[in-house]
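A quick write-up on the structure given underneath.
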Amino acid sequence: MLGIVIGVAAVVCMVSVGAGAQAEVSEKIRTLGANLLLVIPGARNSAGARLESGTQPTLTEEDAASIRRELVDAQVAAPLLSRSMPLVAANRNWVTLVAGINADYLVAREWQVANGRSFTGEEIASGAKVAIVGSVIIEELFDGRAGIGETFRIGNVPFTVIGVLDKKGLGAAGRSQDDVVFIPLSTAQSRVLGAVRGTTRQALDFISIKVSDAAAMPEMEREIEALLRQRHRIRGDAPSDFRIENPADVLIARGAAVRTLGILLIAVATVSLVVGGISIMNIMLVSVSERTREIGLRMAVGASRRDIRRQFLIEALILALIGGLMGAALGAAAAVAIAWKAGWPILISPWAVILACGFAGFVGISFGLYPAHRAARLDPIVALRFE
Amino acid sequence: MPPLVRTIGISKHYPSGGTIIHAVSNVSLSIEHGEFVAIHGRSGSGKSTLMNLLGLLERPDSGEYALKGREAARLSEDTRAAIRRKDIGFIFQLPALLPRATALENVELPLVYAGVPRAERRRTAKDALDHVGLADRSHHWPNQLSGGEQQRVVIARAMVNDPALILADEPTGSLDSSTSDEIMSLFEGLHRGGHTIIMVTHAAEVADRARRQITLHDGRIIEDAVASGKRSLLNAIPLASPP
């Protein structure tokens with residue numbers, strides 16, 4: 001009985017944690033934008049030491065434009081240049097990520113402007129001092145006011161808010177994706193970010209590429225690599241000065257780690273269910289021998305062997321299901337405790353409970369078979385004489 | 001119409017230690033519809049085994065048995081179960097009720113196995129309880145009933161499926177004499193109502209209430225008499241009386 005409770009609890013807990021992790025991964029992939037590839041500048045070789053990737057400012061807006069122009073599966077190729085900058089509005093200030101983009105970036109991330117509007121082509125071309133901000137910025141700088149039309153400074157440069165983005169929630173790194181300010185890339189390059197850290201004005205942090213079809217992703221990686229190597233005039237077996245990443249892979253890998261824990265819990269559940277099954281068999285064998293006379297009476301008034309077998313199978317099933325329901329409650333409680341203590345996302349689905357109780361029922365039937373068979377095989381005369 | 005019960009030379013023996021006990025040896029008898037028969041004998045005379053054979057709880061080792069003219073000696077366990085629930089009502093020595101079922105549920109039991117729908121079997125069982133005068137005890141548990149009441153519930157259960165044959169094994173075995181008398185009156189009522197009753201007992205005064213008395217000794221019939229109210233007939237047989 002206890003075994004069934006523990007087994008079912010483990011199944012429910014495991015499925016809840018697993019489903020929660022799965023839901024989190026898919027949610028993050030969704031907020032990331034589907035079918036996204038990132039091209040990141042490569043590491044600089046400085047006196048033989050390879051520095052952190054991204055230290056070599058090798059990607060340009062032209063690279064992004066050519067990817068979009070030459071590769072048919074590239075729906076958009078959005079350049080991005082970003083840096084942490086101090087923002088000031090009236091008497092409030094806030095340090096956040098300021099990113100120079102063009103309108104393509106919001107397409108690539110499947111990110112909608114909730115309030116206001118996106119950049120116009122002219123604003124991007126002319127380097128206008130306009131900004132689209134995330135919801136966190138509205139909270140921190142404008143106290144939750146609509147924000148549209150208000151001005152603030154990035155460093156010393158004044159900007160006007162023209163749009164507020166839809167909420168996206170936490171990103172893969174656990175940082176709020178809504179804590180961000182987007183400005184036109186040309187503005188970023190010429191006025192805000194361009195000249196800092198000694199990079200050239202054309203340098204980018206990365207290019208986001210939205211691929212039109214998931215099946216075309218591996219092919220796209222090869223094509224982008226070939227195209228950029230050609231553009232950067234990298235010969236033969238020399239290493240590329242950029243990297244291509246599929247951010248969804250990282251998230252999927254994290255999901256897999258949770259799954260490993262799930263396998264462990266399944267092992268616990270299996271052992272517990274078998275132990276529970278054996279204890280049910282024990283209970284039923286005792287019950288059959290205690291109720292031998294009852295079985296004889298039932299047979300005398302006309303119960304067939306099948307009737308007797310069914311009766312004891314149902315009793316075993318009920319025992320197992322009671323254990324199953326207790327286990328489901330315990331498992332759900334454990335999952336909630338995990339969510340609360342470890343901060344993992346969980347998802348308690350009714351399917352997990354049904355599945356676990358189904359397992360319990362299966363165990364009840366399997367281990368109830370032998371006692372039920374013993375009861376059904378009793379000789380009515382012997383059973384009736386039993387005291 | 002064939003006799004309700006007809007046996008030709010049925011025998012049943014059990015191994016016991018190194019020897020074989022001939023519980024029933026070569027018994028031939030014939031019982032017609034509507035008879036009230038007492039099978040009488042000392043303990044160990046084979047009367048209970050004979051009743052179990054007639055009630056299809058046991059298979060004879062040899063001999064012929066026909067119930068309602070149909071061969072019944074060599075049937076499978078499930079076929080015998082089917083005949084038991086349709087044609088035979090059993091009355092056992094107490095305790096013969098399921099302890100975890102109410103009086104009504106106990107009476108319903110044969111109908112449950114016969115597949116009678118719930119509403120109908122409830123009604124039929126109520127009628128049967130009413131017949132034995134326990135309509136107001138329907139929802140009592142067996143341990144809330146007196147011995148006589150329990151035995152009447154057992155009788156209601158035995159007659160609820162309107163069986164061709166009612167078999168009673170020491171129906172008054174654990175009851176005091178006045179309660180025994182009530183139970184026997186109930187049997188006489190059933191007999192008058194057209195039921196066929198075979199009753200096994202070791203008590204002569206109980207056997208006396210039946211119309212026909214069959215006396216067993218060491219598994220053989222030594223006397224088969226239609227009673228005319230004279231005890232002297234039985235007393236005249238030395239083998240049947242206690243030593």
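The numbers here are math on the coordinates, done by the rules we state, and not lab data. Owing to the predicted nature of the structure, the values given are computational and were not obtained by experimental measurement. Because the Cβ atoms are built from the backbone with ideal geometry, glycine has one as well, and the counts that use them run over all protein chains shown.
Among A:Ser135, A:Gly7, A:Ser118, flag the residue with its Cα farthest along the positive direction of the charge dipole of chain A, charges on Cβ as +1 for Lys/Arg and -1 for Asp/Glu. The one lying farthest along the dipole's positive direction is A:Gly7. Taking a straight line from the alpha carbon of A:Lys28, these lysines sit under 29 Å away, with near neighbours fewer than eight places off in the same chain left out: A:Lys167, A:Lys168, A:Lys210, A:Lys341. Could you please rank A:Arg309, A:Arg374, placing first whichever residue has the fewest other Cβ atoms within 10 Å of its Cβ? Ordered by Cβ neighbours within 10 Å, fewest first: A:Arg374, A:Arg309. Answer rounded, prolate or oblate for the range A:57-240, using the Cα gyration tensor with square roots of eigenvalues a ≥ b ≥ c: rounded when a/c is under 1.5, else prolate when a/b is larger than b/c, else oblate. Here the range A:57-240 falls in the prolate category. Highest mean first, the peptides B:216-225, A:15-24 sorted by other C-beta atoms within 10 Å per residue fall in the order A:15-24, B:216-225. How tilted is helix B:147-159 with respect to the longest principal axis of chain B? Cα atoms for both, answer in degrees (0 to 90, nearest 10). So the inclination is approximately 90 degrees.
Cα centroid separation, the range A:88-154 to the range B:22-80: 99 Å. Out of all DSSP beta bridges with both ends in the range A:57-240, state the antiparallel percent to the nearest 5. In the range A:57-240, approximately 75 percent of DSSP beta bridges are antiparallel ones. Averaging sequence separations of C-alpha pairs under 8 Å and six or more residues apart, then dividing by the length of the range A:286-362, give the relative contact order as a whole percent. Worked out over the range A:286-362, it gives 34 percent.
Beta bridges per DSSP, both residues in the protein assembly as shown: antiparallel share near 70 percent. Taking chain A as the reference, fit the longest principal axis to its C-alpha atoms, fit the long axis of helix A:247-290 to the helix C-alpha atoms, and give the angle between the two in degrees, 0 to 90, nearest 10. Helix A:247-290 sits at roughly 10 degrees to that axis. Going by Cα centres, the range A:1-39 and the range B:168-213 are how many Å apart? If we compute the Cα centre of each part, the gap is 72 Å. Considering every Cα-Cα pair within chain A, what fraction, in whole percent, is farther apart than 37 Å? Counting every Cα pair in chain A, those more than 37 Å apart make up 47 percent.
Show me the ranking of peptides A:297-308, B:91-102 by mean Cβ neighbours inside 10 Å, starting with the highest.
The most tightly packed comes first, giving A:297-308, B:91-102.
Mind jotting down the distance between the C-alpha centroids of the range B:105-138 and the range A:299-347, whole Å? What the calculation gives is 33 Å, centre to centre. When only the Cβ of Lys, Arg, Asp and Glu is charged (+1, +1, -1, -1), the dipole of the range A:57-240 relative to its Cα centre reaches about 580 debye. Computed from Cα atoms, the angle from the helix B:118-131 axis to the main principal axis of chain B rounds to 60 degrees.
Cross-link reach is defined here as a Cα-Cα straight distance under 28 Å, omitting same-chain residues fewer than 8 places apart; for B:Lys47 the lysines meeting it are B:Lys12, B:Lys68, B:Lys86, B:Lys230. Counting only other chain Cβ atoms within 10 Å of each residue's Cβ, the peptide A:288-298 averages 3. Each Lys and Arg adds +1 at its Cβ and each Asp and Glu adds -1 at its Cβ; summed about the Cα centre, the protein assembly as shown shows a dipole of about 360 debye. The 3J(HN,Hα) values that the Karplus relation (6.51, -1.76, 1.60; θ = phi - 60°) gives for the range A:89-96 are, in residue order, 9, 6, 9, 9, 9, 7, 9, 8 Hz. Gly and Pro appear as x. Simple rule: put +1 on each Lys or Arg Cβ and -1 on each Asp or Glu Cβ in chain A, find the dipole, and look at A:Leu369, A:Leu384, A:Leu321; the Cα lying farthest toward the positive end is A:Leu384.
Cross-link partners of B:Lys126 among aspartates and glutamates, defined as those whose alpha carbon lies under 18 angstrom from its own and excluding same-chain residues fewer than eight positions apart: B:Glu105, B:Glu108, B:Asp136, B:Glu149, B:Asp162. Under the criterion of Cα pairs below 8 Å and six or more residues apart, the relative contact order for the range A:57-240 equals 31 percent.
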